[in-house]
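The values are calculated or read from the model by the stated rules, or taken from the named source; none is laboratory data. Quantities reported herein were computed from a predicted structural model and do not represent experimental measurements. Positions of Cβ are generated from backbone atoms using ideal geometry, with glycine treated the same way; all protein chains shown enter the neighbour counts. The protein model used for the area step is the full one, side chains on, heavy atoms only, and it has no ligands, DNA or RNA in it. Shrake-Rupley method; radii C 1.70, N 1.55, O 1.52, S 1.80 Å.
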Amino acid sequence: MKDFVESVLRGIGTGSVYALLGLGFVIIYKATRVISFAQPAFMLAGAVLVTYLVGPLGFFLGLAAAAVLTGGLALGVERLAVRPMIGRPVFTVAIITLGIDIAVRVVVNAAIGLDVRQVGDPWGLKVWKLPGGVQVEQRHVAMVLTTAVLIALLFVFFRYTRTGLAMRAASYDQEAALAQGVSVGAVFALSWALAGALAAVAGTFAAVGGSVSESLWLIALTALPVIILGGLDSLPGAVIGGLAVGTVQELTATYQGSLPWLGGNISVVTPYVVMFLVLLVRPYGLFGTREVERV
Amino acid sequence: MLRVQNLEVVYDDVMLVLRGVSLQVPPGRIVALLGANGAGKTTLLRALSGLLGVHDGAITKGAVTLDEKPIHRLRPAAVVRRGVTQVMEGRRTFAELTVEENLRLGAHTRPKGRAEALERMYGLFPVLAQRRGSVAGYLSGGEQQMLAMGRALMSDPAYLLLDEPSLGLAPRLVEQVRDLIVQINRAGTGVLLVEQNATMALSIAEHGYVLETGKVVLDKPAAELLADDDIREFYLGRAERSFRDVKHYKRRKRWLS
Amino acid sequence: GCRGADSTDKGASGAKSDVGITKEPCPKSEHKDRGCIYLGIISDLTVGPFHVLAVPITDAQKAFWKRVNAQGGIGGYDIDAETYVRDNKYNPQTHNEAYQEMKGKVLALAQSLGSPTTAAILPDMKTNNIIAAPAAWTSAYAFEDNILESGANYCIESMNAVDYANETFKPKTVMAVHLAGDYGDDAAAGAKIAAEKLGMTFINVKTDSGTDKQAGAVGAIVQQKPDLVILTTGPADAAAIVGGAAQRGFTGKFIGTSPSWNQGLLATAAAPALKALYLQSSPWKSWASDTPGHKAMREALGSSVTPNDGYTSGWVWSYPLLAALKKAQADGDLTRAGLLKAAKSLTKVDYEGMLPDGAGNYAGGADGIFRQSLIYNPTVGAGGPNDIKLEKDYFTGSVAKDYKLDKPCYEKL
Amino acid sequence: MLRFEDVRLSFAGVKAIDGVSFTVAKDELFAVIGPNGAGKTSIFNVISGVYRPQHGRVTLDGTDLTGLRPDKVAKLGVARTFQNVELFQHLTVLENLMLGRHHHIRYGTLAAIAWLGRARREEIANRAVVEDIVDFLELAQWRRLPVGLLPYGVQKRVELGRALAMEPKLLLLDEPVAGMNLEETEDMARFILDVREELGIPMILVEHDMGLVMDLADRVMVVDFGVPVATGTPAEVQHNPDVLRAYLGEVEAA
Amino acid sequence: MRNRPLLRTSYNQELALLDTTSKKVAVGILLAVGVALPWLVEDQLLQLIGLACVTAIGAIGLNIVTGYAGQVSLGHAFFLAIGAYTAAAIAGDPDARTIGFGVREILIWLPAAGVVAALAGVLVAPLATRLRGLYLAIVTLGLVFIGGHVINEWSSLTGGPGIGRQPPAPTLLGYDLNTGDAFLTRDQKLYLLMLVLLVIAALAARNLARSRVGRAFTAIRDRDIAAGVMGVNLARYKTIAFGVSSFYAGCAGALLYVGIGYFDPTTFNLLLSVQYIAMILIGGAGTVSGAVLGAFLITLLPRLIREVPSFLPFISNSPAESPNAYQLETVLYGVLIIVFLIFEPRGLFGIWIRLRNYWKAWPFSY
Ligand SMILES: Nc1ncnc2c1ncn2[C@@H]1O[C@H](COP(=O)(O)OP(=O)(O)OP(=O)(O)O)[C@@H](O)[C@H]1O
Ligand SMILES: Nc1ncnc2c1ncn2[C@@H]1O[C@H](COP(=O)(O)OP(=O)(O)OP(=O)(O)O)[C@@H](O)[C@H]1O
Ligand SMILES: CC(C)C[C@H](N)C(=O)O
Ligand SMILES: [Mg+2]
Ligand SMILES: [Mg+2]
């Protein structure tokens, strides 16, 4: 029982990182109908920036600064490589983002260099003991709180601000949005910047308690099944999908010992298994909008 | 005055679609633009509102001026800010947003007087007020057309460009839309009305242009056009003739010879 | 076959030569009077999983061959290990492409990094008599004449680690937590062989590289509570596993096999756990050791580099190739076949003290493999950052001593 | 030959069709009119299998069509055109028409890959049929162009051609002249008449152009909010007060 | 007749693949060069070009499901893997550590690899027919991850990551293609084999594309609802598309590593799938020649890029310094893909069309 509860708590912790990552994907998707495969690179870039900034600025300021810088980087990349592609088939753009991912990652790898880099967070591997002997890791609590706050901010932004509305509109029909005077280019840039900043935060939290290494970007790929099972264009879907995947993954990790024939690391592929199961029942994920198609 | 001078537009670097079109819309007037399918009417509106870029089109010659200032190099947002707004063919409301959100978006370039503008629109279109919270995609065709016009009017434009507002609408809705255009125009907005339904368009316009394969071939006051034999033959039809009498041969238009 | 490359030639020193040797000086050499022997390097230089290790290996080898040139080269030739350096991204196919490109232009490979990648080119190396210094320690190389491996292989090294634990704290259960692949499998097989021999229970846990992918391993450790974990992963993975297990109450010992350590781990959140639980086994002495070879290496690399045992490894791996070249030159046959013959006949290699006597017996085949390794406690530094505590100097454990290597260990897992 | 019996269809609360019944006889041109959103296209979608009604039955010559997949319905002889042109944009006119003959061409995937004997023979035979339709609809000058590049009026005609290529027993035309100018409308009217006279295919026509409907149709059904308001000859319907109020408005009344 | 090459008097002529003289000549020249190549270039380059031929077979396969039928699949690596392991198991050495049945005849293991992969494709299709667009793409990506897990674990078949196994060593009707002999070197033999297979595969794909099946694919891609209403059984044709595409992938997978003689289960990853998508996008989706061009470009690109640093002497070639030549190579690979896609949306095939139109229209601009 204790194992179970602890696994779920850990799952919610890692799941909130997936949720943050997923949100980044969803925001870009909503604005541009593209899955940006460059998110993993931005995630890594953000975490690496934090390792450099934590010295002079401290963790929290460093994280904020890294988020801003990564957002800026994403903005620049969008301007250079994605903007010329407005109106092109989404798959072409998706492959372009993969090209971006390759290029950015090389640069970030160079910045990691040969050292083990730290994000210098205040939590490390410290735990709180709850009654009943259950432990929660402080970093997981921090992740969940951060995610909750960011999600609330995003919700308000999209629902109540003029720019948020413009972003939603542009995501449905770029030309019609242009005709209303929305600068679709600015909307794209903003969505990339937001997603970049979210990726930086997620990347940093993914590295909390460990170190920043190149393999971190692989975590970002987990966001793909997360957003698919949540529904590509659904912000709540990304959050719920992230938490679900995190929990299932941690539970499998805890109990996979009893299913040795599944192989040592079945927990790594569980997100995809969960995704398959959900899609069998709901082809647009849990909360995705069904493509309105009629003749 | 919204004026188009000797405009040439090319798509994809190769397809010359407008070949030296000139036309003008005086403030506060309704001008009708007629023409066969593919004549370039939509293209002309895109050139006015800056949306050519989206379609790989470009203005290669000529100018569009608003009160003698050129606007054809501006981006769509800037054009809207100067008071020229287009209602696109096929309504293009944001199906997933609510009616009110659609309207609010119309005021994107003018956030200041948004609340009043909303009230004005609800006054103009009471149906929309009733449905303000519902998702636009579920409105009927006519309602969507109202929404599209209302959305465009939210930016308080001096000129409204309407692309085939009666397309696919039932006869009664066509009437409603026609009345609406008149109403909007009375409130001081200049209208450039692109229509296939020539009867409807010429009944409310003051002046009309006829576009054929990218050229203006007729340019007359609406009343004269209504009386023109060719227009009657090719655009208005003769009420007494049955489709069963139409013969299979290619007729030629006199103004082309 | 390889066409157009079979023109045998007499070089500056009178030795026969064929491919990869020119009378013209090396492109970057100051010694305009010497010819040039080209050596290729295929390594993981940018985005592959081992680039953190591979870059210093490559750097050290370049420095090594520069030093050889400074000391007079080999029989009137300078060695060039700069011109043909390629990135394999740890992908067998890319590795092979790079190999095919350079194969007509180099005499031998100063480095072929990785086991799967090297396996991809080995058949061709054999047909063309090309030899290579590997950057990997799989026991399969004991059976390959064309590979000049150095030090104890993964299998022997982890046998020794288990043996050491057996002597010091008598564990009853041993768990091998390892990456998939012959790197991990080989080490795990060694642990298994030793555990069985010494009457311990053995548990095999496979994991993947990536700090996010260690939850399963941590879970297995925490639940099955082995007394000893033999860890064969990347450094960041090791930290994630040790830190995660300790946090969840695990108190057993960890011994990591060779490239699982990086000094930077002491700055991570896992540091307390590492300090309490972790030891490191190694096929050779670490960077700061006091031998002529180590000194030469530190000198050659200069003071600007961050100490890292990737450098040590790259440097050590170069000695056998040097010995083979010298021998071939002495035999007057610097052709590929001559070099291979020379390499095969080496019974010992001068590692300038970096490895003890007895290392480098290639003539001995699988029986001649080197069986000594060391145990460090890398978390205790007496002096500088890389001055780590030696727990046990070169030793051969009881299991490794008697073990008859009849096929690659990983096949026994 | 077509019976449409008490069909009901709703989407998340919207009643698109709410108990509509009608029959179409052999050789008949039956028109359906009604305000926007009345459910006309939905009726077509139910017949052709795109929507599955919650209630009711559709039969063609006694065969039950209800709930069959669209391709099955097509095989049974129902062809249609669409309200918004639904051609295959990247295929040429000929290829679009050949696609209409999809289930008249008989050979399998392996034969296609080998392209020997059978596949070639079948292609050639069906190509001849398609060329006849091209002549019939006067599409010759555009045969080899991708349809995406054609004028709207021509695209509508290609759509009609694609439906005819299926050699249907029943043809459904959804607003064939919407967005067309007078000239194109007259051309299309002529083609519809030719189809009737020369091929004798019964048709259901949905259209907002009252001139066309009243002129061509044998019988007219008016629907509003998914409910039939009136059915009868054009003359009867035109003067029905309910129809005037709900649909035609004063213009047509005048 | 002879003087009016565009005049056709029978449907047979119209349906011909090479319907103009210039096409006939161009294809003839290409084939001649292809066959002469083994005696023109070095073996190592030949090996690479052979690899490009096989890759092109795989790309043609992906093009069938993605380019023609419009079902974007990121799961190609999965089907490649199935083919690769089926063939390796059938042809493998029975005494080796990994499963092998020792049947080295290519006429057996190659079709078998295709068929097994095709079966896998057919099994996946029911899920695929329910999904659209990016959902389908990510789900097929899931296949790569789950399949990757299976092949990593199943080391008796695959050797396991980091160890791997040998691909099939082909013999053709008893003639050993895997070793050189007095007439031809190994690389020459393998290259010729792969060239022939590519020609067959390309021809078959062209035939398929112009048939009723190919038309049905394109119809589904352009407008699936309308295709259904015209009588196309959507589920059936999507299944056929996945099946045929996977057959190609299976064959390509079986041959892909024959040249290098070794492969490792970690090869079949996301990146491999992505490379294939990039090939057909860069080449121009929906054309066989585009897929072939794209495959050649992507396969030869790293080789070309490796030459670049020698033109940029100011870039360090020490891997310890940044920026260095190796980083530049990798970045360039990413950047070139971006550049190709940005500047020519219709792919290499589009560049060709543009050039051709330019010369046709020259000197008139429009
Ligand atoms: N994006 C585009 N790219 C290339 N050609 C285009 C594009 N849009 C329109 N065209 C072509 O330009 C010509 C004029 O099109 P336009 O849409 O302006 O005509 P229209 O008069 O509005 O016709 P309709 O009555 O059908 O709306 C047509 O021949 C059309 O095929
Ligand atoms: N797929 C769908 N999902 C939800 N609602 C639908 C769907 N298809 C049709 N409807 C609704 O059903 C009603 C009838 O639609 P239908 O398209 O049949 O109208 P119509 O009579 O053809 O109108 P028009 O003359 O504008 O074409 C409308 O309210 C429409 O919104
Ligand atoms: C030194 C390491 C890069 C070697 C690697 N572990 C392998 O065996 O492939
Ligand atoms: Mg238009
Ligand atoms: Mg309709």
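Annotations for the structure displayed:
- Condition met for C:Thr232 (farther than 21 Å from A:Gln256 by Cβ and among the hydroxyl-bearing types (Ser, Thr, Tyr)): no
- Scanning segment C:289-305 for residues that are more than 18 Å from the chain's Cα centre (by Cα) and under 16 Å from C:Ile57 (Cα atoms) yields C:Ala296, C:Arg298, C:Glu299, C:Ala300, C:Leu301, C:Gly302, C:Ser304, C:Val305.
- Matching entry among C:Thr268, C:Thr312 (being within 20 Å of C:Lys389 (Cα to Cα), crowded, with 23+ Cβ neighbours inside 10 Å and at pLDDT 90 or above): C:Thr312
- Considering (1) more than 10 Å from chain E (Cβ to nearest Cβ); (2) assigned to a helix (DSSP H, G or I); (3) open to solvent by less than 10 Å² (accessible area, probe 1.4 Å); (4) without any contact (Cβ under 8 Å) to a residue 60 or more places away in the chain, the lone condition that C:Asn96 does not fulfil carries the number (1).
- Among residues of segment B:5-44, those that are away from chain D (no Cβ under 14 Å) and either open to solvent by 50 Å² or more (accessible area, probe 1.4 Å) or closer than 19 Å to B:Tyr235 by Cβ (or both), counted: 14
- With respect to (1) part of a helix (DSSP H, G or I); (2) touching a Ser or Thr at 6+ places or on another chain (Cβ under 8 Å); (3) farther than 21 Å from C:Leu39 by Cα, the lone exception for C:Glu299 is condition (2).
- Among the residues listed as C:Ala189, C:Ala236, the single one being within 14 Å of chain E (Cβ to nearest Cβ) and among the aliphatic types (A, V, I, L, M): C:Ala189
- Restricting attention to segment C:171-222, the residues that are in contact (Cβ under 8 Å) with a residue 40 or more places away in the chain, closer than 20 Å to C:Arg248 by Cβ and among the hydrophobic types (A, V, I, L, M, F, W, C) add up to 7.
- Residue among B:Leu97, B:Leu52, B:Leu66 that alone is within 16 Å of ligand 4 (Cβ to nearest atom) and on the phi < 0 side of the Ramachandran plot: B:Leu52
- Residue within segment E:299-312 that is facing chain A (nearest Cβ under 10 Å) and crowded, with 17+ Cβ neighbours inside 10 Å present: no
- The set of residues in segment D:38-62 that are without any contact (Cβ under 8 Å) to a residue 12 or more places away in the chain and within 14 Å of another protein chain (Cβ to nearest Cβ) contains only D:Asn45.
- One residue alone among E:Ala241, E:Ala219, E:Ala204, E:Ala227 is free of Cβ contacts under 8 Å to residues at least 12 places away in the same chain, under 24 Å from E:Leu136 (Cα atoms) and not in a loop (DSSP other than H, G, I, E, B), and that residue is E:Ala227.
- Restricting attention to segment B:115-147 and to residues that are without any contact (Cβ under 8 Å) to a residue 40 or more places away in the chain, crowded, with 21+ Cβ neighbours inside 10 Å and within 16 Å of ligand 2 (Cβ to nearest atom), the residue that is nearest to the other protein chains (Cβ to nearest Cβ) turns out to be B:Gly142.
- Set A:Val239, A:Val182: member being without any contact (Cβ under 8 Å) to a residue 24 or more places away in the chain and in contact with a helix residue (DSSP H, G or I) (Cβ under 7 Å, 6 or more places away or on another chain): A:Val182
- Failed item, numbered, when E:Phe296 is tested on (1) open to solvent by less than 20 Å² (accessible area, probe 1.4 Å); (2) at pLDDT 90 or above: (1)
- Tally, over segment C:247-264, of residues that are within 25 Å of the chain's Cα centre (by Cα), small (Gly, Ala, Ser) and more than 13 Å from chain A (Cβ to nearest Cβ): 2
- Residue list for segment D:78-93, restricted to those being more than 7 Å from chain E (Cβ to nearest Cβ) and either open to solvent by 10 Å² or more (accessible area, probe 1.4 Å) or within 16 Å of ligand 5 (Cβ to nearest atom) (or both): D:Thr81, D:Gln83, D:Asn84, D:Val85, D:Thr92
- Among residues of segment B:176-199, those that are open to solvent by less than 10 Å² (accessible area, probe 1.4 Å) and within 16 Å of ligand 1 (Cβ to nearest atom), counted: 5
Residue-by-condition table, conditions (1) open to solvent by 50 Å² or more (accessible area, probe 1.4 Å); (2) over 17 Å from the mean Cα position of the chain (by Cα); (3) closer than 16 Å to D:Leu172 by Cβ; (4) within 16 Å of ligand 5 (Cβ to nearest atom):
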site: D:Val14; (1), (2), (3), (4): yes, yes, no, yes
site: D:Thr41; (1), (2), (3), (4): no, no, yes, yes
site: D:Pro53; (1), (2), (3), (4): no, yes, yes, no
site: D:Lys75; (1), (2), (3), (4): yes, no, yes, no
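- Residues (open to solvent by 10 Å² or more (accessible area, probe 1.4 Å) and within 14 Å of chain E (Cβ to nearest Cβ)) located in segment C:30-54: C:Val47, C:Pro49, C:Phe50, C:His51, C:Val52, C:Leu53
- Conditions (1) open to solvent by less than 10 Å² (accessible area, probe 1.4 Å); (2) more than 11 Å from chain E (Cβ to nearest Cβ); number of the one not met by C:Asp87: (2)
- E:Ala137 meets each of the listed conditions (1) among the hydrophobic types (A, V, I, L, M, F, W, C); (2) farther than 30 Å from A:Leu229 by Cα; (3) away from chain C (no Cβ under 14 Å) apart from (2).
- Residue list for segment E:118-173, filter: open to solvent by 50 Å² or more (accessible area, probe 1.4 Å) and within 30 Å of E:Gly67 (Cβ to Cβ): E:Leu119, E:Val122, E:Leu123, E:Pro126, E:Arg130, E:Arg132, E:Phe145, E:Val150
- Condition check for C:Ser281 on (1) open to solvent by 10 Å² or more (accessible area, probe 1.4 Å); (2) within 20 Å of the chain's Cα centre (by Cα): one failure, at (1).
- Residue within segment B:40-59 that is out of contact with any Pro (no Cβ under 9 Å at 6 or more places or on another chain) and farther than 23 Å from A:Ala176 by Cβ present: no
- E:Ala88 meets the conditions (1) of a type outside the set (S, T, N, Q); (2) open to solvent by 10 Å² or more (accessible area, probe 1.4 Å); (3) touching a strand residue (DSSP E or B) at 6+ places or on another chain (Cβ under 7 Å) in every case but one. The failed one is (2).
- Per the conditions (1) open to solvent by less than 10 Å² (accessible area, probe 1.4 Å); (2) more than 16 Å from ligand 5 (Cβ to nearest atom); (3) more than 8 Å from every other protein chain (Cβ to nearest Cβ); (4) outside any strand (DSSP E or B), the sole criterion not satisfied by D:Ala112 is (3).
- Considering B:Leu167, B:Leu160, B:Leu173, B:Leu105, the condition of being in a loop (DSSP other than H, G, I, E, B) and either surrounded by 18 or more Cβ atoms within 10 Å (Cβ to Cβ) or within 14 Å of chain D (Cβ to nearest Cβ) (or both) is satisfied by B:Leu167 alone.
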